[in-house]
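Every number here is computed from the coordinates shown, using simple stated rules; none is lab data. Since this is a predicted model, take the numbers as computed values, not measurements. FYI the Cβ positions are ideal-geometry reconstructions off the backbone, even for glycines, and counts take in every protein chain you see.
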């Protein structure tokens with residue numbers, strides 16, 4: 001059996017607390033990206049309705065005032081914030097800045113801190 | 001004489017030729033990040049609180065074109081991201097190819113939809 005046919009090692013650990021922070025940033029980057037892809041038609045539809053007419057704008061305005069819609073909006077804001085902040089971190093890593101083990105760990109924690117501030121600010125603004 | 005074509009053809013769904021996609025994912029990310037910062041600054045300054053103000057935000061040619069470029073970059077970026085996800089988790093090539101084709105069609109549709117919304121071709 002040559003190296004190409006060796007079965008890939010599999011390691012499943014679903015408890016995110018057991019991973020080091022950059023791995024958690026990574027999987028959330030993927031989850032938030034997939035979520036935003038799936039939500040794209042909803043966001044486009046809301047933009048379309050809000051621009052359609054005065055009455056439609058009012059309907060969207062009333063609709064986004066509903067508490068459940070606000071909660072959903074906060075979830076979307078989290079996906080946007082995480083994808084944005086983690087994405088900027090990856091762009092910086094691409095320039096070979098912060099590649100060390102300790103600095104990578106610290107920047108991953110910084111991603112979570114910044115996104116938490118952004119999401120809390122958004123929640124405070126809409127509520 | 002039998003020619004077995006699959007020995008000579010390029011694999012249509014593998015993870016090969018990733019560098020171009022990797023680079024475009026970064027380029028489109030930068031475009032979207034710049035648009036997002038600009039759009040947030042615009043919203044913070046204009047504070048649209050009525051239909052007229054909201055519609056006026058998207059009335060200018062620059063706003064329409066930059067928003068359209070944002071959606072085009074988003075579609076390209078999402079296409080690469082979904083492709084990466086399929087390469088990682090969908091090991092059956094036929095299924096992966098169908099999913100990638102479906103995502104391509106859907107995203108192309110979203111870009112046209114965004115153009116229709118921005119240039120007011122809606123009912």
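Each peptide in B:87-94, A:42-49 gets a packing score, the mean of other Cβ atoms within 10 Å over its residues, and the list from highest to lowest is A:42-49, B:87-94. Legend: Rg and Dmax of the range A:71-127, from Cα coordinates, 13.0, 40 Å. Quick one: pull the percentage of alpha-carbon pairs in the range A:2-127 with a separation above 23 Å. Within the range A:2-127, distances greater than 23 Å cover 49 percent of Cα pairs.
Counting Cβ atoms of other protein chains within 10 Å of each Cβ in B:80-93 and taking the mean gives 1.
Measuring nothing but how far apart in sequence close Cα pairs (under 8 Å, 6+ apart) lie, relative to its length, chain A scores a relative contact order of 32 percent.
Taking each residue in B:49-59, count the Cβ atoms of any other chain within 10 Å of its Cβ, then average. What number comes out?
Details: counts 1, 4, 11, 2, 0, 5, 6, 0, 1, 3, 0.
The shielding value for this peptide is 3.
Determine, from the Cβ-Cβ distance of residue A:53 and residue B:115 and an R0 of 22 Å, the FRET efficiency 1/(1 + (r/R0)^6), rounded to the nearest 0.05.
Numbers: r = 19 Å, r/R0 = 0.88.
It comes to 0.70.
The modelled label-to-label distance for the pair residue A:38/residue B:90, using points 7 Å beyond Cα in the direction of Cβ, is 1.5 nm.
How far is the Cα center of the range A:72-127 from the Cα center of the range B:27-98, in Å? Answer, in whole Å: 18. Label positions at residue A:106 and residue A:75, each projected 7 Å from the Cα along the C-beta direction, are separated by 3.6 nm. Between residue A:64 and residue A:17, the modelled label-to-label distance comes to 3.7 nm, taking each label 7 Å out from Cα in the direction of the beta carbon. What the Cα atoms of the range B:30-123 give is an Rg and a Dmax of 16.8, 51 Å.
For the protein assembly as shown, the pair-distance distribution built from all alpha carbon pairs, in bins 10 Å wide starting at 0, is 6, 23, 33, 22, 10, 4, 1, 0 percent.
Full extension of the chain segment joining residue B:39 with residue B:64 gains 7.8 nm, where the gain is 0.36 nm per residue of separation less the Cα-Cα distance.
Return the FRET efficiency for the residue pair residue B:50, residue A:8: r is the Cβ-Cβ distance, R0 is 41 Å, and the value is rounded to the nearest 0.05. The formula returns an efficiency of 0.10 here.
Partner shielding of A:78-84 amounts to 1, given as the average count of beta-carbon atoms from other chains within 10 Å of each residue beta-carbon.
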